[in-house]
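Okay, so here's the structure we're looking at.
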Amino acid sequence: MTAPRMEIDLEKIRKNTRFLVRHLRLRGIGVTGVTKGVGGNPAIAEAMLAGGATGLAESRITNVANLRSAGITCAISMIRTPMLSQVDQIVQSCDTSYNTEIDVISGLASAARRRDKVHNIMLMVEMGDMREGIMPENLNSVALQVLKLPNVALRGIGANFACLSSVVPDAATLAKLSMLAEEVEEVSGLNLVTVSGGNSANLPWALGSRQTGRINNLRLGEAILLGVDPVSGTPIAGLYTDAFTLIAEVIETKVKPQPASLHFVDPTLRPIHIAPDHDHCGRSILAIGQQDTDVAGLTMPEGVTYLGATSDHLVIQTTHSHLRVGNELKVQPNYRALTRAMNAPDIAKVLLGETHSSKAKPERSSGFCMEGV
Ligand SMILES: *Cc1c(COP(=O)(O)O)cnc(C)c1O
C-alpha cells in the first residue's frame, strides 16, 4: 500500500466525541468539534458530528470550504479572528465568528448586509493566555458597539487558554468569565446564547467540576483526535489515543558506525536523542521527513530510536531486529505532528471504518485513499 500514509480510525474519533459529549452534557456543556488539526477533513468532521458534536469550528477559510464542498451543512464557527480581507468568505460559509476587533466586526456587518444575511458574533475575552482577546475592562463597550451594527447578532462570549502560554484554566478564571457574561447581558439587555469556556485544556476543570456557571460550550480538537490533555500530554481516561497512525517505509538499512561528529549542519535538525554508543548499529532510513510532519512529535515503537531527520529522510536505529528495505514502521503523532502530516500532500490519508451514511466524499485532489468502506 502507498506510503507514507496516515491511517485514521473514524470509529475511535466518533467514540471519543461521544464520551466527551456525554460527560460534558451532565454539566450543561455542549461540544463544538475543532477540525483545524486535520485540515478540515470532512470524514473526520462527520465522525465528530456522529459522536454528538453540535457544530464545527475552524481557523482557516480554506478548510471551511473543504467541509462545505463535501456537503456538510451544520453550523461552522471561525475561531481565528477573521482577516479583514476575508470577511466576505467568512459571512458566506461560516454562521459565527470569534472576534476581537471592532473594525473586523464592522467589515463582517457590511459583508452580511451585501448578502442579506445575519452573521453571529462571539467576542473573545483575554483571560490570561495573552494570545487573542478583548481586555475584560473593554468588553462591555465593544458589546454595545456590536449592537449598533446591522446584520450581525451578538451571540456570546468566549475565552481561550493554554495556547500561547501554558496558563491552565481554573475555577476562579472560569467563574470570572461567567460573571463577564452576566455583565454583558446587563448592559446590553441581551441573553447570551453561548458562553464558550475554551478548548481541550479546559477538560480537567470541566470534567472535575460541578460548578460550571454560565459556561455552556467547549471547542474541542486535540482531546477528541488524540485523547490527550494538551497541557500535560497525558491520556484522558476513557478516550482512545490511537485514532491516528503514521506509517512510513524503510528505504535503506545498513550497519554503520556512529557519525564521527555530532555537530549537525543545521542545529534545528539536531537529533533529540542519541542512542547509547554501540560501535556498529543497525540503522535504517524512513522515506519521510521534516517537510511532511513535525518529526520531533513522533513516538517510535519499542526497540526503535530516533537519530535525526532532514527534509526527506528520517534516520532510526534499531536495537533488536533489523528492518528490511520495503518494511513499514508505525509511529504515533502528537498534535503538531498530526497537523503537519494531515496537510502534507505526500502523506496519503486512509480512512478506516467510514460509514455509508457519511455524506463526506473523499478528496481526490489531496490524495485521500479509501479502505474498509
Ligand atoms: C485550536 C483552538 C481550539 C481547539 O483547541 P484544542 O486544544 O485542539 O482543543 C479552540 N479554540 C481556539 C480559539 C483555537 O484556536
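Read-outs throughout are calculated quantities, based only on the coordinates presented, and are distinct from any laboratory measurement. All values reported here derive from a predicted model rather than from experimental measurement. Please note: Cβ atoms are built from the backbone with ideal geometry, for glycine as well, and neighbour counts cover all protein chains shown.
When the square roots of the Cα gyration tensor eigenvalues are ordered a ≥ b ≥ c, the ratio a/c for the chain is 1.5 or more and a/b exceeds b/c, which makes its shape prolate.
Counting only alpha carbon atoms, the long axis of helix 102-114 and the longest principal axis of the chain meet at about 80°. Taking the longest Cα principal axis of the chain as reference, the axis of helix 171-188 is set at about 30 degrees.
If I take R0 = 25 Å and measure r between the Cβ atoms of Ser311 and Ala65 in this structure, what FRET efficiency does the formula 1/(1 + (r/R0)^6) give, to the nearest 0.05? It comes to 0.30. Taking 28 Å as the straight-line reach from the Cα of Lys330, the lysines in range (excluding those fewer than 8 positions away in the same chain) are Lys12, Lys15, Lys36, Lys254, Lys256, Lys349, Lys361. In straight-distance terms, cross-link reach from Lys148 covers every one of the lysines whose alpha-carbon lies under 19 Å from its own, apart from those fewer than eight places away in the same chain; here that gives Lys117. Extension gain for Thr319-Thr73 works out to 83.5 nm (0.36 nm per residue, less the C-alpha to C-alpha distance). Residues whose amide H comes within less than 5 Å of that of Asn343, counting only those at least five positions distant or on another chain, are absent (H built at 1.01 Å from N in the peptide plane).
Does segment 149-193 come out rounded, prolate or oblate, given a ≥ b ≥ c as the square roots of the eigenvalues of its C-alpha gyration tensor, rounded meaning a/c under 1.5 and, failing that, prolate meaning a/b above b/c? Show your work: numbers first, answer last.
On the way: a/c = 3.98, a/b = 1.75, b/c = 2.28.
Note, shape of segment 149-193 comes out oblate.
Across segment 286-301, coupling constants 3J(HN,Hα) worked out from phi with the 6.51/-1.76/1.60 Karplus curve, θ = phi - 60°, read 9, 7, 7, x, 4, 5, 8, 7, 8, 4, 5, x, 9, 9, 7, x Hz, and Gly and Pro carry x. In the chain, the DSSP-assigned H stretches of four residues or longer account for a calculated mean residue ellipticity at 222 nm of -8000 deg cm²/dmol, using -39500 (n - 2.57) per stretch and the full residue count as denominator. Converting phi to 3J(HN,Hα) with the Karplus coefficients 6.51, -1.76 and 1.60 and the offset θ = phi - 60°, segment 71-81 yields x, 7, 10, 5, 5, 10, 9, 8, 9, 9, 4 Hz in sequence order, with x at every glycine or proline.
Amide hydrogen proximity for Ile134: with H placed 1.01 Å from N in the peptide plane, the residues at 5 or more positions away or on another chain lying under 5 Å are Met124, Val125, Glu126.
Here's how it looks for Leu314: its modeled amide H is under 5 Å from those of Leu286, Ile288, which are all 5 or more places away or on a different chain. Applied to segment 334-347, the Karplus parametrisation 6.51 cos²θ - 1.76 cosθ + 1.60 on θ = phi - 60° returns per-residue 3J(HN,Hα) values of 7, 4, 5, 5, 4, 4, 4, 5, 5, 9, 8, x, 8, 9 Hz, with x for Gly and Pro. From the square roots a ≥ b ≥ c of the eigenvalues of the alpha-carbon gyration tensor of segment 1-111, which class results: rounded (a/c under 1.5), prolate (a/b over b/c), or oblate? It is oblate, given that a/c is not under 1.5 and a/b is not larger than b/c.
Each peptide in 245-251, 319-325, 67-73, 101-107 gets a packing score, the mean of other Cβ atoms within 10 Å over its residues, and the list from highest to lowest is 245-251, 101-107, 67-73, 319-325. Zone of Asn191 (label point 7 Å along Cα→Cβ, backbone N under 17 Å): which residues in segment 208-244? Output list for this probe position: 214-217.
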